[in-house]
1. Just to verify a number: what accessible area does residue 106 come out at with the full protein assembly present, 1.4 Å probe, Å² rounded to tens?
2. Just one of (i) 0.95; (ii) 1.16; (iii) 1.01 is Cα Rg over 2.2 N^0.38 Å calculated from these coordinates, so which is it?
3. Each residue of the range 363-369 in turn: what ³J(HN,Hα) in whole Hz from Karplus with 6.51, -1.76, 1.60 and θ = phi - 60°, glycine and Pro shown as x?
4. With axes computed from alpha carbons, what is the tilt in degrees of helix 193-204 against the longest principal axis of the chain, rounded to the nearest 10 within 0 to 90?
5. Any aspartates and glutamates with Cα under 20 Å of the residue 354 Cα? List them, leaving off those in the same chain fewer than 8 positions away.
6. For the chain, what does the helix formula give at 222 nm: sum of -39500 (n - 2.57) over DSSP H segments with n ≥ 4, over the residue count, nearest 500 deg cm²/dmol?
7. Share of antiparallel DSSP beta bridges in the chain, in percent to the nearest 5?
8. In degrees from 0 to 90, rounded to the nearest 10, what is the angle of the helix 297-307 Cα long axis to the longest principal axis of the chain?
Amino acid sequence: MSALCVVGDALLDRDLDGRAERLAPDAPVPVVDGMEAHDRAGGAGLAASLAAAAGHDVTLVCALGADAAGARVRSLLEQAGVRVCDLGLHGATPEKVRVRVAGRALVRLDSGGESRGCGPLTAPARAALAAADAILVSDYGRGVAAEPAVRAALGAAPVVWDPHPQGPEPVRGCVLITPNAGEAQQAAPGGDVAAAARTLRERWGAVAVAVTLGEKGALLCGADGPPLAVPAPPVAAGDPCGAGDCFAATAAGHIAAGELPSGAVRAAVAAASAFVAAGGAAGWSAGAEPAAPAPDDARALAARVRAAGGTVVATGGCFDLLHAGHVRALQAARALGDCLIVCLNSDDSVRRLKGPDRPLVGERDRAAVLEALACVDAVAVFAEDDPRSILRELRPHVWAKGGDYGVADLPEAATLAEWGGLAVVVPYVAGRSTTKLIEVARAG
């Protein structure tokens, strides 16, 4: 377990979720009633809570007002397993209240915006900074990151800095700084995002700058070579509220575990995308896990498509060396329904079926190649010699196989019949096979 110290401005976020079924008689505005309040720690508090949920030992150095909102933030953080070192805020604890209907915000009401500055660095806070494997500065422009004693105490551990336009410049020597595109170009105007990242890395004396690009992922600029573009997995819909905190917290956790900035940013992009898909901060506080998508999502996907009245299609095989015959068959299978799940033989299963010199490509890489295809919605790896067990879990409507088969030759047909499913054969490209590819490669 890595020790992570988060430094920054904590807020109280409150969602008032209700329903709107009519307009007010005295104004053209919706009437929202039946509201339920959902509170969570926001700002640096959300970043700390996410890091604690990921399994890190987290201490938050923040500044809370001496008021009910401050007490509520402290209580929420302690419930999340975060130790709180409160420096004392000069003013009221900031609150952000969103009135929402059907998961969409109608209006946001802010208070405490005039609060700035904090008390001096305390001995417990200094000890937490000294003991940390990494430090995340989550700046929301309220004064904690600008406190001279706090800044002077940074540097004993690798520092990840999530900046804010109203906050101070990061301390020099940060391992990773994570502005969004707007912040980066505001701080370094006159060029594209890559140019801004390079300028800021030099100005701030950082090892690397990762500019977050929303649904496009992130761009990582280091000292040498071209920037690293890290694309985000597609997200059909979701709430981006808190995605930046999820990105920064994930990156800091991976830096604390000893990873390079490149690996930390890749993990952070995947986690932030999953966080958005799960409903953002509101969805996470309601119990969703902000974890990166995994192949086991195949089961959840099949359940969702069935519940929506759609058609689940599955196919299977080893897919050791993907070739044109595979791709054509997968495209044909996907056209038969609303999602396509590939049941993939595990490495041990392939060895039993194909011999000790197979597979040439491990199951993780085979799954990654399949998942990259637009026609494949999910991959489910199974360990048995045939897919009947995984099919009973997925219960697809259609089982599609490409190749020189008749339906009578498919042993899975009887399994599909158990719940009224159908086994079919789809067209394939003659003369393409993994075995032939291997033979050609060996001959060459």
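The values are calculated or read from the model by the stated rules, or taken from the named source; none is laboratory data. Just so we're clear, the structure is a prediction, and the values are computed from it rather than from any experiment. FYI the Cβ positions are ideal-geometry reconstructions off the backbone, even for glycines, and counts take in every protein chain you see. Protein only, heavy atoms only, side chains kept; ligands, DNA and RNA dropped before computing areas. Shrake-Rupley method; radii C 1.70, N 1.55, O 1.52, S 1.80 Å.
1. Per-residue accessible area (residue 106): approximately 90 Å².
2. Checking each listed value against the structure points to (ii).
3. Here the 3J(HN,Hα) series is 4, 5, 5, 4, 5, 5, 5 Hz.
4. Helix 193-204 sits roughly 40 degrees off the main axis of the chain.
5. 320, 363, 365, 384, 385, 386, 404, 409, 412, 439
6. Values: 16 runs with 155 residues, N = 444.
It lands at -10000 deg cm²/dmol.
7. Values: 27 of 75 bridges.
If we restrict to bridges inside the chain, about 35 percent are antiparallel.
8. The angle comes out at about 80 degrees.
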